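K.L.:
First the structure, which I've put down as structure tokens, then a few questions once you've had a look.
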Amino acid sequence: MGNDGCSMMTDRRFLVNVRQSGENALPIQDKESIRHARWCCCSLTGQALTKGPVVCDRLGSLFLRKALVAALLSKNLPSQYSHIKKSSDFLNIAPAPVTSTGKKGAKAAKAPQTLQCALSGEAMTGVQPFVVVDPCGHLLQHAAYDECVSLVEPGQKTTCPVCNVPVKRVQVLCPSVGELAKMKTELEAELALAKEAKKALKAKKKEKKAKGAAKK
Ligand SMILES: [Zn+2]
């Protein structure tokens, strides 16, 4: 109990089946439940995302930070999240400014995290697409972000419309089946490149060491 009705719908087998068969074939009620589970609940535990700090991975899945870190430390992460190996493989979502309740200081820190657009204040429920800005973690409605980016003068750096840091990457959340496939391909290519670079660096170091030994 106490799982806010999320865990039933995040049952992995159920979600895998849904993703494979295509969500369009499902009755409206099921679609609503799946949308709620994907956007409002932790992908690992099914707990409501309002329960604590939230993070997202490179494939746009949402997690309670505590649950993801615990699974990483205990090496219990399901295979579909094998691309998450360290803290730099996920992005901390910046907490929304506490304006509606007016709580400050310690009270605000204890207040449940609300996931809403940092610009419009629109709650993230899955009705509207949302993105997270890397590196600052600001959560924005995709449309609001696009609108801000469209105002950037040609040749100027794109910066976060909330905190003005240069944008490294824009993470799409809970992508569609097509978007997810594209993101997976891009991530795999990036990981393969990083692996190659690491290998090359290792070989270079080994070569340098061998040369140094030969000189002695
Ligand atoms: Zn920002």
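K.L.:
Are there any pairs, at least 6 apart or on different chains, whose C-beta atoms fall under 8 Å, with the first in segment 64-75 and under 25 Å from THR114 (Cα atoms) and the second assigned to a helix (DSSP H, G or I) and of a type in the set (Gly, Ala, Ser), and if so, which?
P.N.:
VAL69/SER87
K.L.:
Can you name every residue in segment 46-76 that is part of a loop (DSSP other than H, G, I, E, B) and in contact with a Phe, Trp or Tyr (Cβ under 6 Å, 6 or more places away or on another chain)?
P.N.:
Passing the criteria: none in range.
K.L.:
Which one is nearest to CYS117 (Cα to Cα), of the residues in segment 136-161 that are within 15 Å of the ligand (Cβ to nearest atom) and either surrounded by fewer than 14 Cβ atoms within 10 Å (Cβ to Cβ) or of a type in the set (S, T, N, Q) (or both)?
P.N.:
GLN141
K.L.:
Continuing with this model, one more query. Give the residues of segment 77-95 that are part of a helix (DSSP H, G or I) and among the basic types (Lys, Arg), sorted by residue number.
P.N.:
None - no residue of segment 77-95 is part of a helix (DSSP H, G or I) and among the basic types (Lys, Arg), so the list stays empty.
K.L.:
So, one more: Which condition does ARG38 not pass, out of (1) assigned to a loop (DSSP other than H, G, I, E, B); (2) within 25 Å of LYS168 (Cβ to Cβ), if it passes all the others?
P.N.:
(1)
K.L.:
Can you name every residue in segment 162-180 that is surrounded by fewer than 18 Cβ atoms within 10 Å (Cβ to Cβ), more than 15 Å from the chain's Cα centre (by Cα) and within 15 Å of the ligand (Cβ to nearest atom)?
P.N.:
If the condition is that a residue be surrounded by fewer than 18 Cβ atoms within 10 Å (Cβ to Cβ), more than 15 Å from the chain's Cα centre (by Cα) and within 15 Å of the ligand (Cβ to nearest atom), then CYS163, ASN164, VAL165, PRO166 are the ones that fit.
K.L.:
When the residues of segment 125-135 are narrowed to those that are modelled with pLDDT of 95 or more and more than 9 Å from the ligand (Cβ to nearest atom), which ends up farthest from ALA37 (Cα to Cα)?
P.N.:
Of the residues in segment 125-135, the ones modelled with pLDDT of 95 or more are 129-135.
Narrowing the set further to residues that are more than 9 Å from the ligand (Cβ to nearest atom) leaves 129-132, 134.
Values: PRO129: 15, PHE130: 15, VAL131: 17, VAL132: 19, ASP134: 24 Å.
Once the filter is applied, the top-ranked residue is ASP134.
K.L.:
Then there's this: Considering only residues that are crowded, with 20+ Cβ neighbours inside 10 Å and within 17 Å of LEU139 (Cβ to Cβ), which ones fall in segment 41-56?
P.N.:
Residues satisfying the conditions are CYS41, CYS42, SER43, LEU49, VAL54, VAL55, CYS56.
The values are calculated or read from the model by the stated rules, or taken from the named source; none is laboratory data. Predicted model, so just to flag it, every value in this text is computed and none were measured. FYI the Cβ positions are ideal-geometry reconstructions off the backbone, even for glycines, and counts take in every protein chain you see.
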